[in-house]
Amino acid sequence: MSALLEVRGLKTHFDTRAGMVKAVDGIDFTLDAGEVLGLVGESGSGKTVASFSILGLIDPPGRVVEGSIRFKGEELVGAPVARMRQLRGREIAMVFQDPMMTLTPVLRIETQMVETILAHEKVSKKAARDRAISVLARVGIPSPEDRIRAYPHQFSGGMRQRVAIAIALLHSPALILADEPTTALDVTIQGQIIAEMQKLVAETGTAMVWVSHDLAVVETIADTVAVMYAGRIVEHGPSAEVIGNPAHPYTEGLLNSIPSRTTPGQRLNQIPGMAPSVLHLPPGCPFAPRCRHAIPACATPPPVQYVGAGHMARCLAPLSREVAS
Amino acid sequence: MNVPHVALRDVSKIFTRKPDFAERLAIRLGLPKPPVLRAVDGVSLEVNHGEALGLVGESGCGKSTLGRIVAGVHGKSGGEFRFEGKEEAGWTAEDARRARLDIQMIFQDPMSSLNPRKRIADIIGEAPVVHGMVARADRETAVAELMQEVGLDPGYARRFPHQFSGGQRQRIGIARALAVQPKFLVCDEAVAALDVSIQAQVLNLFMDLRERRGLTYLFISHDLGVIEHLTDRVAIMYLGRIVEVGPTPEIFRKPAHPYTQALLDEAPRVGRGRRVYVPLKGELPSPLAPPPGCRFHTRCPHVMPVCKTTAPDLKPVAPGRIAACHLNDTTEQEE
């Protein structure tokens with residue numbers, strides 16, 4: 001069986017006055033049904049642009065310049081607007097960091113949810129409303145029959161995010177793109193949302209791309225992890241492998257930057273410098289200027305190397321393998 | 001005896017809204033007054049010289065308000081505030097000036113706390129000149145030294161805040177706070193908005209500064225990893241009250257309050273692997289109408305009848321540790 005989502009050589013560039021911004025510059029990954037991919041990177045690494053590209057939400061001056069995105073075997077790059085509109089919301093849903101991006105403040109939750117259902121399916125209003133209520137119940141909103149009459153501002157941040165997730169689930173999509181869905185929430189609420197998402201993925205077999213800067217969150221939910229840096233995936237593999245045994249120095253640096261992994265009070269092993277501007281990328285490895293292990297040969301484009309089963313790193317000299325347990 | 005750097009006793013902060021015309025009329029006709037928001041409700045806390053104290057809690061628990069009271073941004077509504085042993089009510093003008101200069105604040109979002117129309121040299125250099133710490137003629141060198149200390153290139157002194165990245169802006173905010181030679185820094189979510197690798201750089205800077213200048217920190221954060229790494233002691237807040245205080249390593253090893261336990265369980269940490277969450281139910285109740293008894297009882301997995309009626313006091317549970325939970329009165333016999 002072919003994969004649910006297959007992204008090959010995707011390049012999304014923005015033609016700005018300052019020059020060509022190569023926000024996503026050649027990424028590949030595949031996703032099977034029921035699989036959760038964690039897409040990790042810092043601000044500006046291109047992780048959000050990558051997920052927007054899948055949905056066909058790149059506006060000028062941005063453009064998918066190269067590559068292919070196959071969803072259930074269908075090519076999405078260059079697909080007609082009408083076709084993308086059919087897919088969006090029905091087959092591929094998105095959950096944003098800020099639920100107010102999904103919700104309009106001036107309509108009741110009920111109106112927004114029913115409208116979403118009727119946009120894709122010919123069902124009665126009554127049936128649509130019943131489905132909306134059952135989905136709200138599934139994401140853990142108490143007394144959904146009453147709460148569906150509320151406006152978004154009457155919900156707390158965590159509840160609003162649940163509503164946004166409920167809207168994403170209305171059509172039981174095959175793929176959910178979640179862009180930092182818990183970043184704006186408190187830890188206890190974040191825990192609740194992750195628990196709901198884990199349950200939903202297990203129950204419905206929905207595949208998910210979980211975009212986040214937080215490796216710890218990604219580790220709890222993802223099967224595979226792809227680490228992005230300056231528009232490219234620099235490491236990709238099973239999440240336990242990537243996080244437990246990183247092969248790319250950038251992944252190692254990210255992990256070492258997390259305070260709870262170092263003895264309290266010790267200096268953190270910081271990555272020096274800043275992420276490069278995607279306007280002026282060095283010809284070789286974009287991470288080389290910040291890399292502890294950089295050698296002169298890093299000035300040439302780094303090759304993709306496999307360090308384990310399904311575990312790749314875009315690095316000339318992947319970190320030596322520790323004794324694998 | 002050791003005098004704490006800053007000591008709070010029974011400090012409260014109440015926010016009220018001025019009633020509008022209709023409400024004033026309604027109150028005069030005998031209707032009840034609108035509820036007041038007790039953001040901080042009877043908090044006692046001591047921060048010792050050279051110590052890093054962490055303040056943890058969810059949004060809306062009052063941790064930022066408490067930090068602002070310490071930094072003098074907000075006045076308190078009740079209670080005592082002592083700076084180096086002197087109560088605020090008895091301060092002379094000189095005492096007040098010293099306390100305000102000695103305690104500086106670093107904010108979460110450097111973009112909204114730096115004046116976008118001022119150059120870095122003015123942002124950093126203005127306060128020490130005004131307070132007579134640096135002669136106007138020496139301002140440039142003083143600014144250059146400060147920029148160097150926080151890891152900025154002094155050549156950028158003529159630039160504006162928008163020309164810097166987030167991490168650099170946070171360094172500007174730190175340099176500005178350090179310019180008046182404070183002894184005490186209140187850091188309100190100072191690294192929350194930064195990327196992991198930049199966050200590590202700024203945390204290292206905080207640790208270096210502490211060593212170099214012997215600073216005292218009140219470090220407010222929701223990120224338990226940051227708190228564990230940086231602080232000696234930690235105070236956990238819930239709905240305006242402190243529920244637990246103690247040495248950081250001990251609290252992280254064995255919390256004495258179910259809320260602390262829940263926070264620790266739910267903070268995702270790298271290396272735990274994939275796991276199924278058993279999250280805490282419910283949300284923070286509205287601080288406008290806090291639940292009676294123990295404020296945590298609506299979400300607590302160990303709730304008992306007494307929790308719904310009687311608020312637990314902060315009691316010692318171990319040397320240097322206090323917690324407010326009825327469970328601590330009973331569990332000792334059980335375990």
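Results, tabulated for the structure shown:
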{"read-out": "Cα-projected label distance for B:E87 with B:D153, points at 7 Å along beta-carbon direction, nm", "value": "5.4"}
{"read-out": "Computed magnitude of the charge dipole of chain A (debye, nearest 20; Cβ of K, R +1, Cβ of D, E -1)", "value": "560"}
{"read-out": "Neighbour count of at most 15 Cβ within 10 Å plus DSSP loop: longest GluC sites (Glu not before Pro)-free window in chain A", "value": "A:122-321"}
{"read-out": "Spin-label zone in region A:145-160 - amide nitrogen under 13 Å from a point set 7 Å from the Cα of A:E115 along the C-beta vector", "value": "A:152"}
{"read-out": "Counting DSSP beta bridges with both ends in the protein assembly as shown, the antiparallel % (nearest 5)", "value": "60"}
{"read-out": "Student exercise, region B:55-131 dipole from Lys, Arg, Asp, Glu Cβ charges, in Debye to nearest 20", "value": "240"}
{"read-out": "Å³ per residue enclosed by the Cα convex hull of the protein assembly as shown", "value": "207"}
{"read-out": "About the Cα centre, charge dipole magnitude for chain B (Lys/Arg +1, Asp/Glu -1 at Cβ), debye", "value": "960"}
{"read-out": "Cα convex hull of region B:180-251 - mean projected area over all directions, nm²", "value": "5.5"}
{"read-out": "Stretch gain in nm, segment B:N2-B:R117, where the contour uses 0.36 nm per residue and the Cα spacing is subtracted", "value": "37.0 nm"}
{"read-out": "Cα-projected label distance for A:R108 with A:K126, points at 7 Å along beta-carbon direction, nm", "value": "1.7"}
{"read-out": "At most 16 other Cβ within 10 Å, DSSP loop - trypsin sites (Lys or Arg not before Pro), region A:1-83", "value": "A:R17, A:K72"}
{"read-out": "Highest-fluctuation residue, A:G78, A:G26, A:G46 considered, GNM on chain A with Cα pairs under 10 Å", "value": "A:G78"}
{"read-out": "Average beta carbon contacts from partner chains per residue of A:263-276, 10 Å cutoff", "value": "5"}
{"read-out": "Region A:187-200 - phi-based ³J(HN,Hα) in whole Hz, Karplus 6.51/-1.76/1.60, Gly and Pro as x", "value": "4, 5, 6, 4, x, 5, 5, 4, 4, 4, 5, 4, 5, 5"}
{"read-out": "Calculated FRET value between A:E203 and B:D109, using beta carbons and R₀ = 51 Å, to 0.05", "value": "0.85"}
{"read-out": "Sum of -39500 (n - 2.57) over DSSP H runs of 4+, divided by residues of chain A (222 nm, nearest 500)", "value": "-9000 deg cm²/dmol"}
{"read-out": "Shape parameters for region A:1-151, alpha-carbon atoms, Rg then Dmax in Å", "value": "18.0, 53"}
{"read-out": "Rough spin-label spacing in nm, given labels placed 7 Å along Cα→Cβ, for B:T16 and B:H162", "value": "4.2"}
{"read-out": "³J(HN,Hα), Karplus 6.51/-1.76/1.60, whole Hz, each residue of region B:146-163, x for Gly, Pro", "value": "5, 4, 4, 4, 8, x, 10, 6, x, x, 8, 4, 8, 7, 9, x, 5, 7"}
{"read-out": "Cys with no candidate disulfide partner in chain B (beta-carbon separation under 4.7 Å rule)", "value": "B:C61, B:C187, B:C300, B:C325"}
{"read-out": "Amide hydrogen neighbours beyond the local backbone of B:H49, cut-off 5 Å, H modeled", "value": "B:H5"}
{"read-out": "Gaussian network model of chain B, springs between alpha carbon atoms under 10 Å - residue of B:A93, B:A311, B:A175 with greatest fluctuation", "value": "B:A93"}
{"read-out": "Selected from B:R119, B:R171, B:R212 as most flexible by GNM, with chain B as the system and alpha-carbon contacts under 10 Å", "value": "B:R212"}
{"read-out": "Long-range amide H partners of A:Y229 with built H, under 5 Å", "value": "A:V234"}
{"read-out": "Residue-averaged beta-carbon neighbours from other chains (10 angstrom radius) around A:213-222", "value": "5"}
{"read-out": "Phi to ³J(HN,Hα) by Karplus 6.51 cos²θ - 1.76 cosθ + 1.60 over region A:151-168, Hz, x for Gly, Pro", "value": "8, x, 5, 7, 9, 7, x, x, 5, 4, 5, 5, 4, 4, 5, 4, 5, 5"}
{"read-out": "Amide proton proximity set for B:A235, modelled H, under 5 Å, gap of 5+", "value": "B:G54, B:L55, B:V56"}
{"read-out": "As computed over region A:153-295, the Cα convex hull volume per residue (Å³)", "value": "160"}
{"read-out": "Partner chain coverage, peptide B:247-253 - average Cβ within 10 angstrom", "value": "1"}
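Read-outs: derived from the displayed coordinates by stated rules, not from any lab. Note that the coordinates shown come from a computational prediction; the quantities given were computed from them, not determined experimentally. Neighbour counts run over all protein chains shown; Cβ positions are idealised from the backbone, glycine included.
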